[in-house]
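Take a look at the structure below.
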Amino acid sequence: MAEAVEPALFTKVTVYSLLACVAQFAVGFAFAQKWGNKCSAVDRWVLVWLFYDAIVHFTLEGPFVYMSLVGNVATSDNLLAELWKEYGKADERWLYSDPTIVSLELLTVVLDGSLALLLVYAIIKDKHYRHFVQITLCVCELYGGWMTFCPDWIIGSPNLNTSNWLYLWVYLVFFNGIWVLVPGLLLWQSWRDLRRMHQYPKKKNR
């Protein structure tokens with residue numbers, strides 16, 4: 001009896017999907033250099049992230065929400081559906097309109113995407129509400145990440161495929177981990193800057 005042949009780990013869709021992510025980051029980098037030329041070096045990198053964040057929310061997650069509300073990714077036939085089907089190999093919930101995922105992504109697209117653009121404006125124009133928006137966005141991103149995975153972890157992760165390094169370390173850990181690491185760093189930046197602003201008037205009045 002012939003052994004079942006496992007499907008290839010890397011396909012054209014895999015390569016195109018990863019290249020699309022690189023292209024989105026490159027666009028975010030270009031936007032940050034164009035509109036953040038008067039900002040500090042640190043804030044220019046913050047802008048890179050924020051532009052990339054907004055691009056992902058609007059151009060990837062937005063279509064995902066639409067496909068999930070009118071049907072599901074698994075039965076959709078378009079270029080972005082193929083990208084999500086590739087990610088769905090690591091987390092099946094993205095294929096079949098899981099209500100928790102769709103609810104979170106709907107909030108992420110509308111709220112987080114808008115907050116990212118508002119924060120871009122606040123940084124470029126040096127607005128007083130910059131850190132209020134930054135903290136709000138970071139908390140939303142971290143909460144979204146927790147609620148994406150915690151419900152599945154509680155029931156034993158039946159929807160997660162960790163059988164190979166691509167699905168585990170690239171799709172699940174890396175592409176979700178950066179939405180934990182970067183918001184965490186931005187929260188630390190806000191805490192540091194707010195502490196400095198609080199201490200400066202006291203030193204000035206002495």
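Do any trypsin sites (Lys or Arg not before Pro) in segment 14-60 lie in a loop, going by DSSP, with at most 15 other beta-carbon atoms within 10 Å of their beta carbon, and if so which? Intermediate values should be presented prior to the final figure.
Working: sites: LYS34, LYS38, ARG44; in loops: LYS38.
Hits after loop and neighbour filter: LYS38.
Give me the tail of P(r) for the chain as a percent: Cα-Cα pairs with distance above 27 Å. Each step should come with its number before you reach the end.
Working: 7946 of 21115 pairs.
Roughly 38 percent, once rounded to a whole number.
To the nearest 0.05, how large is the calculated FRET efficiency for THR59 and ARG195 if R₀ is 45 Å and r is the Cβ-Cβ distance? Mind dumping the intermediate values first?
Values: r = 36 Å, r/R0 = 0.80.
Calculated transfer efficiency: 0.80.
Restricting attention to segment 122-206, which chymotrypsin sites (Phe, Trp or Tyr not before Pro) occupy a DSSP loop and are surrounded by at most 15 other Cβ atoms within 10 Å?
Those that pass, being in a loop and sparsely packed, are TYR129.
Taking 25 °C and 0.890 mPa s as the conditions, I'd like the Stokes-Einstein D for segment 17-139 in µm²/s, using the Kirkwood hydrodynamic radius from alpha carbon pairs. Please report the intermediate quantities before stating the final value.
Numbers: Rh = 15.4 Å.
D, rounded to a whole number, is 160 µm²/s.
Please list SER190, SER114 from largest to smallest accessible area, probe radius 1.4 Å, with all protein chains kept in place. Numbers along the way, then the final one.
Working: SER190 0, SER114 65 Å².
Largest to smallest exposure gives the sequence SER114, SER190.
With a 1.4 Å probe and all protein chains in place, put MET67, MET147 in order of accessible area, largest first.
On the way: MET67 10, MET147 55 Å².
Highest to lowest solvent-accessible surface, that is MET147, MET67.
I'd like the orientation of helix 12-35 relative to the chain: the angle between its Cα long axis and the longest Cα principal axis, in ° from 0 to 90, rounded to 10.
Helix 12-35 sits at roughly 10 degrees to that axis.
Using only Cα atoms, find the angle between the long axis of helix 130-154 and the longest principal axis of the chain, and express it within 0 to 90 degrees, rounded to the nearest 10.
30
Between helix 41-56 and the chain, what is the angle of the helix's C-alpha long axis to the longest principal axis, kept within 0 to 90° and rounded to the nearest 10?
In the chain, helix 41-56 runs at an angle near 40 degrees to the longest axis.
The values are calculated or read from the model by the stated rules, or taken from the named source; none is laboratory data. None of the values given here were measured: they were computed from a predicted structure. Note that we place each Cβ from the backbone using ideal geometry, even for glycine, and neighbour counts take in every protein chain shown. The protein model used for the area step is the full one, side chains on, heavy atoms only, and it has no ligands, DNA or RNA in it. Shrake-Rupley method; radii C 1.70, N 1.55, O 1.52, S 1.80 Å.
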